[in-house]
Structures are given as C-alpha cells and as structure tokens.
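Notes to accompany the following structure.
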Amino acid sequence: MTDQTGGTPILELQGLHKVFDIKHANPFKAPDKLRAVDGATLRIMPGQTYALVGESGSGKSTLGRVAVRLDHPTDGTIIFDGRDITSADPATLRRLRPDVQVVFQDPYGSLNPRMRIGDIIGEPLKVFKGMRGKALDDEVRRLMESVGLDPSRAKSRPRALSGGQRQRVGIARAIALKPKLILADEALSALDVSVQAQIANLMVKLQKEMGISYLFIAHGLPIVRQMAHQVGVMYLGRIVEQGPADTVFQNPEHPYTKSLMQASPEPNPEQRGKRFILKGEIPSPMDPPSGCRFRTRCPIATERCKEDPPIHVTGDHLVECHYPGRTLAEFRAEQEAQAVNL
C-alpha cells in the first residue's frame, strides 16, 4: 500500500527500551536482564498503518504494549499526537484512553463472557461519554452494523458467536470512541484465512472512513502487504529493517526480511539454493549476540558482523546489515573471489 500522507506523526517512538528483571531462586543473586525491546524507533502517520512483523519472541507485542502505555518503558521517548506520554501518570493516561484503543489477539479472551454483546460494545460509551437509554442503544446498533454484525445479536453472549464475529465485536468496541490510534496485536492470527481477509478488509474500510491509524502486529505477510503503509521487521528486540511497505516488499535488503518472505515452499528446484533459509532458534534476549543480532542464523555473516553493530540508511529505508541487498549467490561469489585473491 502506497504511503501518501505527510504531516506530524500520530505516534513516534524514539530509542525505546523495555527491560524485564528475571529473578533467580537465590535471593542473593542479581536478577538477569531480559531486553525485550532494545532501542526501537518508529513513526506512525495519521490515517496510516505501521505493520510490525517477526518471529514469536522478537519483542513485537511488548513494543506494542509499551507504545500505547499498557506497560512502562525502561528508557526512550513516546510521543502521541504531539504530547510526550513517556512518564504520564494514571490520570493523564485515563484521559488518553479514548484516543488509543486495543484489539487483542484472542477475541474470546478479550471479551467478558458474562456480558451481552450490546453491553460490551456500549461500555466505553457509558464510561467516557455518559450515554444511557435510547441514545446508547442506537449508537450500539450503528456500531454493530458498521462492523458487519447483525444488531439482533446485541443480547447474545460471546460464546454464541464465531471467532470472526467476536473479533468484530472487539473492533466495534475499539472504534466506539472514535480513536486516533488502534493497536491491533495479532488481531487476525487466531482466525481462519477466509475470516482474516474479511476482518482485514473491514479494518481498511474503517481506516478510510474514520482516519484511524493502526500499529498492526502480525505474522502473515500477505495480510501485511494488503494493509500496511509502513513495515518494520523486528528481530530480538531490534527493528532490523523498516520503510515504506512497497519498498520493503519489492526490495527487501536484510537477510532476515528475505527469509521471512521466502518461508513458503519453493516449487522450482533451481531457485531453492538461492533462498535465505532460517536455521536454529532465535537466541535468548537475556544474552543477545554481539554486533549484528541476526548473525548467529545468517547465511552471509562474516567476522565483521560479530564486532560492529550494523546500520545502513537509504532515504526512508533503514536496514541493520553490513551487506544490505546481497543475494546468497552474490555473497558466495564475493567470498570465493576474496579467497582466490588471498
């Protein structure tokens, strides 16, 4: 999706860190430091979608929770709609909540099973706007229709709905206060593929109608390509590549990004040897590799990658790699030429 919006970011993260203390059974031993987010910087423009992708354990959900102040950052700066909310107190955050909403991964776990659907959707309107009676009922009906739910289901409970319908309820609740930003944390991953496409189309439709910005955390790259204006690829607490979605998808330069895009089976035997195949598991964030975080699994890593933290910037396309854009064949040819010269 092409990036066409300029102006002031609705959300800006500058050098964001989140470190958890992992205590030992021995109370006299200092806790280990788990660096879930390690220096993340990104910007989300009004009415746009910033998609954050990566493997499980890369720190995506933690970054999302800290970005909307569900968790407190260890270091860095969070600026929302021109206001620094990094150290905002609970009263300030409560006033902020109508502008920042969340759609969670598990549509059933995020809904109160004892409440009826109409009450779930109407709760933020009662709490923040004081709506009651017919005005509340009419607004709940309108919200249900806007997300493709039959208003007659307002008296149903979550257990009577399908997964896709429950997620529509979560979205209706999130948009009830007309927020400026929605954190969609793996909001599609628990749904069937056909339902994923329906909910993704719904989110795009609501964005066009309401001007909502999304911080969209996902695994599925096809859905990301459909929805995102900007893409960030996260690995072991670091955003290793980010830029306009069209640029990242058409010209991925980090080996990790390439490996994610090439994860599907390749029917052409001649192309299989040219692919970046991930090996092993993601290292522990309590003991990340020196230099480049990805080097322990990278097929083109060299001694240089062990020592120097890489960074490469071309316009608005950032890549944390010493060899950006190299194909596996090009890298092997360079290494063979160097060996001959030696």
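Rule-based calculations on the coordinates, nothing more; no lab input. For clarity, every value in this text was computed on a predicted model and none was experimentally measured. Ideal geometry is used to build each Cβ from the backbone, glycine not excepted, and the neighbour counts take in all protein chains shown.
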Mean projected area, convex hull of alpha-carbon positions in region 10-80, reported to one decimal in nm², is 5.4
Cleavage-rule hits, chymotrypsin sites (Phe, Trp or Tyr not before Pro), region 202-268, DSSP coil, Cβ neighbours within 10 Å at most 15 = none
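Within a Cβ distance under 13 Å of P113, other residues only, what is the Lys/Arg minus Asp/Glu net charge? The partial results should precede the final answer.
Numbers: positive: R114, R116, R157, R159, R166; negative: D106, D119.
Charge balance in the 13 Å sphere: +3.
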Distance between modelled label sites at M115 and D138, nm, 7 Å Cα→Cβ extension | 2.3
Based only on the alpha carbon positions, what is the Kirkwood hydrodynamic radius of the chain, in angstrom?
-> 21.8
Chymotrypsin sites (Phe, Trp or Tyr not before Pro) within region 1-70: DSSP coil, no more than 11 neighbouring Cβ in 10 Å | F28
Listed here are the pairs K18/K208; K18/K279; K129/K180; K33/K60; which of them are more than 24 Å apart at the Cα?
-> K18/K208; K18/K279
Helix 328-341 versus the longest principal axis of the chain: what is the Cα-based angle in degrees, 0 to 90, to the nearest 10?
-> 20
Expressed to one decimal in nm², the mean projection of the alpha carbon convex hull of region 131-200 is 5.2
Check the cysteines of the chain one by one and keep only those with no other cysteine Cβ under 4.7 Å from their own.
-> C298, C321
How much length is gained if the chain between S189 and K126 is pulled fully straight, taking 0.36 nm per residue apart and subtracting their Cα-Cα distance, in nm to one decimal?
-> 19.6 nm
Mind pulling the angle between the C-alpha long axis of helix 117-129 and the longest principal axis of the chain? Nearest 10 degrees, somewhere in 0 to 90.
-> 90
Which order do the peptides 90-99, 120-129 take when ranked by the mean count of other beta-carbon atoms within 10 Å per residue, highest first?
-> 120-129, 90-99
Equivalent-ellipsoid semi-axes of region 221-261, from the Cα gyration tensor, Å, largest first = 15, 11, 10
R0 = 35 Å: FRET efficiency of N251 with E209, Cβ-based, nearest 0.05?
-> 0.65
Helix 193-210: inclination vs the chain longest Cα principal axis, degrees, rounded to 10, gives 70
Taking the alpha-carbon centroid of each part, what is the distance from region 210-252 to region 133-192 in angstrom?
-> 25
Can you list the lysines whose alpha carbon is less than 24 Å from that of K134, not counting same-chain residues fewer than 8 positions off?
-> K126, K155, K178
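Calculate, for R94 and T327, the FRET efficiency according to 1/(1 + (r/R0)^6) with r their C-beta to C-beta distance and R0 56 Å; round to the nearest 0.05.
0.65
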proj_area_mean for region 117-240 (convex hull on C-alpha atoms), units nm², value 8.5
Label-point separation (nm) for R304 and S162, each offset 7 Å from Cα along Cα-to-Cβ?
-> 5.3
Calculated P(r) tail over 22 Å for region 1-129, as whole % of Cα pairs | 51
